[in-house]
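For reference, the structure discussed in these notes is given below.
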Amino acid sequence: MMAFPQFVSGIFSIVFPSFGAPGVFRTKAQARSVICTRLEQRQAAQQHPDRIEPPPPRGEYFTRNLEVCTERLVRAGLREARDEAVLMSLEDTARDIARATRGVRPDLAHRTFQVEAHYPSGAVAGKIRFATQNALMSAGASVSDKRPLLTAEDVVVLSQLSPDAAYAGACERYARSGGMGDQDALVAVIVRDPRQTDLQAGVCADGRWMWVR
Amino acid sequence: MPYSEASIRRTPQSAATQHLSLVAGVVLAVSGCVRTYQPLSGLHDPRVVDPTQPNFTDLRIDVYCVPTKGFRASQAAVLCQRVGMLFENQAATVETFTQDPRQLMGDAGLGGADGGELGPPDLVVELRSDEIHTGYHPVTYALSWMTITIVPAVREMNFTQSVIVRDGTGFLLSEATYRGKVVERFGVGTWGGNKILDVLVREDHEDIVGEGANRDLSADLYGQLSQVVFNARMRHEALQMQAPVQATVRP
């Protein structure tokens, strides 16, 4: 069943090598709409067993390499470039934040983590928060859905500070106002500059702010 | 003598004509090279940083281009020069190296007291280029020869470009690997066909014949490098802002 399509694709690759590259059959935009990985036949067969046969157990006379391409989930230009960049790597970023939090502040292991995301788009901020909560739980931390609150006066004062000083100030106010208890810790995920596509994170515990990423 | 005088005189002319036609054929085939570039992963990811803006004001960056087996020191020097200019245009102070600056400066931490008059750099950008696969497709060469280059001969090259950004003490701030492919098609047929499509059908940014491939590759690579270094800069600043916290583990 699988031999015929493989034979056809083999012939096709000889007659039209580098079919995926821009040329008569594909525009540059089409070539840019996919993400491709070069794999050996064995790896490709593990990832796509329905399409690719594994190499024979005794091996072959030559090594086959395949280029596996996947379409982007969302068409280019449909979302803001920064949103797209953040969401493309969100799972890895969230895992990295959870790992850094546990590594940098091991003393907070027994606490319940709350998560805040400071991002211009509310919809994306929600996704960031959810992903970070999941990653913290996967790392074995207790996670709460609560969020610490500030009074209106605090918000007025903090809004007059520089953005970087405001995080430490807010953390101090959380502790003093009772917004966070002794058994709580806060992970805040932040974008500090509109030009960055990388999420940063800090931990607030006992009124002390610390950047972890 | 079996040849007449006239035929003897003609012989050098025939050889010259043959040579000329051979040279003309080679020139025709070479001039009919169409180079295309396809980003495979990372190079065409979305980015926000505009490389024409001063994104690295007051920042000292060392750029270290690592020569490898398939990437000679001279090529590394050219890459370093271009990337150095890229960051200088964004208001950074740049120094370039094709040997490990840690060894050149005699310390393991990329800086320190004897790391030069200026002290350690703010960021060290390490670039490593590798050619991971080159395909010559001999069937297309044979077909091209048989059809007087109407069918193109195809050659492709897959490459990776890795970038690692550290701070002046060697602390890892950011890293990325970009993969791409350059395909070269030789022949009159492919050159003519694509030229006609460029003129009649394709929009300007979709043109294939000419320097479009190099331009697109440079735009992608320099854009991504600017973005990853900017992200590293933001992390570096955040880590500089805080005083160390003494972590205490409760029993």
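Return yes when residue B:83 is away from every other protein chain (no Cβ under 14 Å), under 14 Å from the mean Cα position of the chain (by Cα), exposed (fewer than 15 other Cβ atoms within 10 Å of the Cβ) and assigned to a helix (DSSP H, G or I) and no when it is not.
The answer is no for residue B:83.
Counting just the residues of the stretch B:155-173 that are within 12 Å of another protein chain (Cβ to nearest Cβ) and under 20 Å from the mean Cα position of the chain (by Cα), which one comes out surrounded by the most Cβ atoms within 10 Å (Cβ to Cβ)?
Here the residue is B:165.
Could you list, in sequence order, all residues of the stretch A:165-201 that are hydroxyl-bearing (Ser, Thr, Tyr) and either at pLDDT below 90 or outside the structural domain of residue A:142 (by TED's automatic domain parsing) (or both)?
A:167, A:174, A:177
Condition check: away from chain B (no Cβ under 14 Å) and touching a helix residue (DSSP H, G or I) at 6+ places or on another chain (Cβ under 8 Å). Does residue A:191 satisfy that?
So residue A:191 does not fit the description; no.
Could we say that residue B:220 is of a type in the set (Asp, Glu) and under 29 Å from residue B:62 (Cβ atoms) here?
It is true that residue B:220 is of a type in the set (Asp, Glu) and under 29 Å from residue B:62 (Cβ atoms).
Suppose we filter the stretch B:221-241 for residues that are facing chain A (nearest Cβ under 9 Å) and within 21 Å of the chain's Cα centre (by Cα); how many remain?
Here the count works out to 3.
Conditions (1) away from chain A (no Cβ under 14 Å); (2) at pLDDT 90 or above; (3) closer than 25 Å to residue A:86 by Cα; (4) buried (at least 22 other Cβ atoms within 10 Å of the Cβ), marked per residue:
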{"site": "B:44", "(1), (2), (3), (4)": "no, yes, yes, yes"}
{"site": "B:50", "(1), (2), (3), (4)": "no, yes, yes, no"}
{"site": "B:60", "(1), (2), (3), (4)": "yes, yes, no, no"}
{"site": "B:67", "(1), (2), (3), (4)": "yes, yes, no, no"}
{"site": "B:74", "(1), (2), (3), (4)": "yes, yes, no, no"}
{"site": "B:91", "(1), (2), (3), (4)": "no, yes, no, no"}
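Checking the conditions here, which among A:117, A:175, A:123, A:139 is within 25 Å of residue B:46 (Cβ to Cβ) and either crowded, with 16+ Cβ neighbours inside 10 Å or touching a Lys or Arg at 6+ places or on another chain (Cβ under 6 Å) (or both)?
Among A:117, A:175, A:123, A:139, only A:117 is within 25 Å of residue B:46 (Cβ to Cβ) and either crowded, with 16+ Cβ neighbours inside 10 Å or touching a Lys or Arg at 6+ places or on another chain (Cβ under 6 Å) (or both).
Taking residue B:186, is it more than 30 Å from residue A:40 (Cα to Cα), in contact (Cβ under 8 Å) with a residue 40 or more places away in the chain, surrounded by 14 or more Cβ atoms within 10 Å (Cβ to Cβ) and of a type outside the set (D, E, K, R)?
No; evaluated as a whole, the condition is false for this residue.
Evaluate the following for residue A:59: is it at positive phi and within 11 Å of another protein chain (Cβ to nearest Cβ)?
no
Take residues that are farther than 30 Å from residue B:38 by Cα and assigned by TED's automatic domain parsing to the domain that holds residue A:178 and tell me which of the helices (runs of 4 or more DSSP H) falling wholly in the stretch A:55-152 contain 3 or more. If you could, list the steps in order and put the result at the bottom.
Working: elements: A:81-88, A:90-104, A:122-138.
Correct list: A:90-104, A:122-138.
Can residue A:113 be described as of a type outside the set (Val, Ile, Thr), more than 16 Å from the chain's Cα centre (by Cα) and farther than 19 Å from residue A:192 by Cβ?
Against the criterion (of a type outside the set (Val, Ile, Thr), more than 16 Å from the chain's Cα centre (by Cα) and farther than 19 Å from residue A:192 by Cβ), residue A:113 qualifies.
Identify, from the list B:228, B:165, B:183, B:154, the residue that is part of a strand (DSSP E or B) and either closer than 29 Å to residue B:90 by Cβ or of a type in the set (Phe, Trp, Tyr) (or both). Walk me through how you get there before you give the answer.
On the way: B:228 fails: part of a strand (DSSP E or B); B:183 fails: either closer than 29 Å to residue B:90 by Cβ or of a type in the set (Phe, Trp, Tyr) (or both); B:154 fails: either closer than 29 Å to residue B:90 by Cβ or of a type in the set (Phe, Trp, Tyr) (or both).
The unique qualifying residue is B:165.
For the stretch B:135-161, name all the residues that are closer than 24 Å to residue B:178 by Cα and in contact with a Gly (Cβ under 9 Å, 6 or more places away or on another chain).
B:154, B:155, B:156, B:157, B:158, B:159, B:160, B:161
Kindly provide the set of residues from the stretch A:53-101 that are touching a residue at least 12 places away in the same chain (Cβ under 8 Å), farther than 21 Å from residue A:38 by Cα, crowded, with 18+ Cβ neighbours inside 10 Å and not polar (S, T, N, Q), ordered by number.
A:82, A:83, A:85, A:86, A:87, A:90, A:94, A:97, A:98
Within the stretch A:21-42, does at least one residue satisfy the condition of being modelled with pLDDT under 90, among the small types (Gly, Ala, Ser), in a loop (DSSP other than H, G, I, E, B) and farther than 30 Å from residue B:134 by Cα?
no
Restricting to the stretch B:132-154, name every residue that is more than 10 Å from chain A (Cβ to nearest Cβ), surrounded by fewer than 16 Cβ atoms within 10 Å (Cβ to Cβ) and either touching a residue at least 60 places away in the same chain (Cβ under 8 Å) or not small (Gly, Ala, Ser) (or both).
Across the stretch B:132-154, the qualifying residues are B:134, B:145, B:146, B:147, B:148, B:150.
The values are calculated or read from the model by the stated rules, or taken from the named source; none is laboratory data. Owing to the predicted nature of the structure, the values given are computational and were not obtained by experimental measurement. Heads up, the Cβs are rebuilt from the backbone with ideal geometry, glycines too, and the neighbour counts pull from every protein chain shown.
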